[in-house]
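Chemist: Dropping a structure here in structure tokens format, bear with me for questions.
The values are calculated or read from the model by the stated rules, or taken from the named source; none is laboratory data. Bear in mind that the values here come from a model prediction, so they are computed numbers and not experimental data. Every residue, glycine among them, receives a Cβ derived from its backbone with ideal geometry; neighbour counts consider all protein chains shown.
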Amino acid sequence: MTSPVIPADLAAWCSRNDARAQDELFAFLRIPSVSAKSEHQSDCAAAAAFVADALTTIGFDAEIVATDGHPIVVGEWRKAGPDAPTLLIYGHYDVQPAEPLELWTSPAFEPTIRDGRIYARGSVDDKGQLYLHIKALEAHLVVRGTLPVNVIVIAEGEEEVGSVNLEQFLEREQQRLRCDAVVISDSCMFAPGIPSILSSLRGMAYVQIDVRGAKGDLHSGMYGGAVVNPAMALARILATMHDANGRVAIDGFYDKVLPFPEAVRAGMRALPHSDAELMHEVGVAALGGEPGYTTLERLWTRPTCEVNGLLSGYTGEGAKTVLPAVSMAKVSFRLVPDQDPDQIVELVRRHVARVTPAGVTASVTAMHGGRPWRADLKGPIIEAGKRALTAAFGREPVITGEGGSIPVVGDFERILGAPVLLMGFGLPGENAHAPNEWISVENYRLGIRAAATLIDEFARAR
Ligand code: BES
Ligand code: ZN
């Protein structure tokens, strides 16, 4: 095998255009396209329009498809002809809420460079990683006037809220979206300088639990001790979800879990992971989780139950003596093959019904879900990805797993029948979903080069 390189013509274009590619990303990052909040609906529309414009400017046909939620942008370039392969590039233009705003060193929607990092909400998740593909396509179209493959770009605006309208869109547009492979950059590398290809993603079942007690808030002295407290009841309900060792204690929760192949586990153990570094990165004195598994196995191969938010009673300044009437928790379950999100919600419902104390009622509302995914790691797109990353980063990628979820990945395989390459350019500590999110300036640049090289390698690999 010849050792892969970034094609010289594309490399030269990238060097001449790095500054502009960064400026354009900054403009994209200034749009506060927070999908979870209705007040940002017009910002999501603006971000969709931004992507569509970026695609038409480089010579794509672009369409903004309305959905029941935020629009989906579809870009198409099909001049390589019916005999050439088709590559589908997927990313998302929506971002997580930026709160708590006071913890940002520079404003969330005013991209700022410090220490070789671009700080902004969405910088790494996923605007930077989406936009670098558009710049890679531009490199080809400007330098060569053409692409060696047909390309479809899908940018959605609801990934951070569970991709609720995308599956239906894929089903409906199955013919038009037919493709030979999908590439997604919405994940991180194992470590700086070590490019990575993902072999798995966890799935998701997200529920809200509402507990109701008395018909209104009560004086905690006049009623406390005789009327059941919904905050305490919810705490009890949540506490029953794990056993004392940290295993999920919901009946049937592990029934569908498949063991990870021993070769995959061995590969994970061979990666240079350090618990001490992880503790330092996140600022804790100890780690905890399911017994019998290493940290990477816990993160990448085991399902979880986590409280994402809790609300009840008085949380303002000072003290108020009140027995709250209601309490609420947002609880998510990360899933692994072959757990099914709908079945997990059903098990949670049964569990909550069983453990809810008399005197309160509890309801479980399903919010969104996504199936877990495991890659085959074979075929032209994976080979092309390995070569493109090797060319851009000067070393071969490692194979990693991932604890996060990209709900649509399984749908691409199931509905479009196309293998998916996940090559991400984030880094550990990137603060995705948290204050001070960043993408490394260097990875954004190398990402453009890798994505540009991928297209040549994919055309050749088939
Ligand atoms: N980019 C992330 C997924 C991810 C995180 C991949 C870390 C690799 C490493 C994505 O935007 C995300 O956060 N997804 C949500 C999906 C959920 C709302 C269904 C997630 O994982 O919480
Ligand atoms: Zn993302």
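Chemist: Kindly check whether there is at least one residue in the stretch 3-17 that is part of a loop (DSSP other than H, G, I, E, B) and either within 16 Å of ligand 2 (Cβ to nearest atom) or surrounded by fewer than 16 Cβ atoms within 10 Å (Cβ to Cβ) (or both).
Modeler: yes
Chemist: Could you check, for the stretch 100-112, whether at least one of its residues is within 23 Å of Ile6 (Cβ to Cβ) and either touching a residue at least 40 places away in the same chain (Cβ under 8 Å) or out of contact with any Leu (no Cβ under 7 Å at 6 or more places or on another chain) (or both)?
Modeler: No, every residue in the stretch 100-112 fails to be within 23 Å of Ile6 (Cβ to Cβ) and either touching a residue at least 40 places away in the same chain (Cβ under 8 Å) or out of contact with any Leu (no Cβ under 7 Å at 6 or more places or on another chain) (or both).
Yes or no, residue by residue, for (1) modelled with pLDDT of 95 or more; (2) on the phi > 0 side of the Ramachandran plot; (3) away from ligand 1 (no atom under 16 Å from the Cβ):
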residue	(1), (2), (3)
Val153	yes, no, yes
Glu156	yes, no, no
Gly162	no, yes, no
Asn165	yes, no, no
Val182	yes, no, no
Cys188	yes, no, no
Asp210	yes, no, yes
Gly224	yes, no, yes
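Chemist: Another question, if that's okay. What are the residues in the stretch 160-216 that are among the aliphatic types (A, V, I, L, M), within 16 Å of ligand 2 (Cβ to nearest atom) and more than 30 Å from Glu383 (Cα to Cα), if any?
Modeler: Val161, Val164
Chemist: Test Ala329 against the stated conditions and say whether it is surrounded by 17 or more Cβ atoms within 10 Å (Cβ to Cβ) and at pLDDT 95 or above.
Modeler: Considered against the rule, which asks whether it is surrounded by 17 or more Cβ atoms within 10 Å (Cβ to Cβ) and at pLDDT 95 or above, Ala329 comes out as yes.
Chemist: Just need a number here: residues in the stretch 291-307 that are more than 23 Å from Ala191 (Cβ to Cβ) and modelled with pLDDT of 95 or more.
Modeler: 5
Chemist: Residue under question is Phe28, and the condition is that it be under 20 Å from the mean Cα position of the chain (by Cα), at pLDDT 95 or above and either aliphatic (A, V, I, L, M) or in a helix (DSSP H, G or I) (or both); does it hold?
Modeler: yes
Chemist: While we're on this one: Before we move on, is Val307 more than 30 Å from Val360 (Cβ to Cβ), among the β-branched types (Val, Ile, Thr), in contact (Cβ under 8 Å) with a residue 40 or more places away in the chain and within 16 Å of ligand 1 (Cβ to nearest atom)?
Modeler: no
Chemist: Where the second residue is surrounded by 11 or more Cβ atoms within 10 Å (Cβ to Cβ) and among the hydroxyl-bearing types (Ser, Thr, Tyr) and the first is outside any loop (DSSP other than H, G, I, E, B) and lies in the stretch 264-284, which pairs have Cβ atoms under 7 Å and are six or more apart or on separate chains?
Modeler: Hits for this filter: Val264/Ser199; Arg269/Thr294; Asp275/Thr295; Leu278/Thr295.
Chemist: Answer yes or no: is there a residue in the stretch 372-383 that is under 20 Å from Ile250 (Cα atoms) and surrounded by 20 or more Cβ atoms within 10 Å (Cβ to Cβ).
Modeler: For the stretch 372-383, residues under 20 Å from Ile250 (Cα atoms) and surrounded by 20 or more Cβ atoms within 10 Å (Cβ to Cβ): present.
Chemist: Would you tally the residues in the stretch 221-249 being among the charged types (D, E, K, R) and more than 30 Å from Val336 (Cβ to Cβ)?
Modeler: So the count comes out to 0.
Chemist: Okay, moving on. Does Ala136 count as buried (at least 16 other Cβ atoms within 10 Å of the Cβ), away from ligand 2 (no atom under 16 Å from the Cβ), in a loop (DSSP other than H, G, I, E, B) and among the small types (Gly, Ala, Ser)?
Modeler: no
Chemist: What about Asp411, is it within 16 Å of ligand 2 (Cβ to nearest atom) and either more than 22 Å from Arg302 (Cβ to Cβ) or β-branched (Val, Ile, Thr) (or both)?
Modeler: Considered against the rule, which asks whether it is within 16 Å of ligand 2 (Cβ to nearest atom) and either more than 22 Å from Arg302 (Cβ to Cβ) or β-branched (Val, Ile, Thr) (or both), Asp411 comes out as yes.
Chemist: Looking at the structure I just gave you, is Gly404 surrounded by fewer than 20 Cβ atoms within 10 Å (Cβ to Cβ) and within 16 Å of ligand 2 (Cβ to nearest atom)?
Modeler: Spelling it out, Gly404 is indeed surrounded by fewer than 20 Cβ atoms within 10 Å (Cβ to Cβ) and within 16 Å of ligand 2 (Cβ to nearest atom).
Chemist: Hey, could you check the stretch 114-133 for residues that are buried (at least 24 other Cβ atoms within 10 Å of the Cβ) and of a type in the set (Gly, Ala, Ser) and say which is farthest from ligand 1 (Cβ to nearest atom)?
Modeler: Selected residue: Ala120.
Chemist: Follow-up. If Pro259 satisfies all but one of (1) surrounded by fewer than 16 Cβ atoms within 10 Å (Cβ to Cβ); (2) modelled with pLDDT of 95 or more, what's the number of the condition it fails?
Modeler: Answer for Pro259: the failing condition is (2).
Chemist: Going by what's in this entry, would Asp94 be described as within 24 Å of Leu10 (Cα to Cα) and either within 13 Å of ligand 2 (Cβ to nearest atom) or modelled with pLDDT under 95 (or both)?
Modeler: no
Chemist: Which of the following residues is more than 18 Å from Lys215 (Cβ to Cβ) and in contact with a Leu (Cβ under 7 Å, 6 or more places away or on another chain): Ala329, Ala353, Ala319?
Modeler: Ala329
Chemist: Which members of the stretch 21-40 meet the condition of being surrounded by 15 or more Cβ atoms within 10 Å (Cβ to Cβ) and hydrophobic (A, V, I, L, M, F, W, C)?
Modeler: Correct list: Ala21, Leu25, Phe26, Phe28, Leu29, Ile31, Val34.
Chemist: Take residues that are more than 15 Å from ligand 1 (Cβ to nearest atom) and touching a residue at least 12 places away in the same chain (Cβ under 8 Å) and tell me which of the strands (runs of 3 or more DSSP E) falling wholly in the stretch 343-462 contain 2 or more.
Modeler: 361-370
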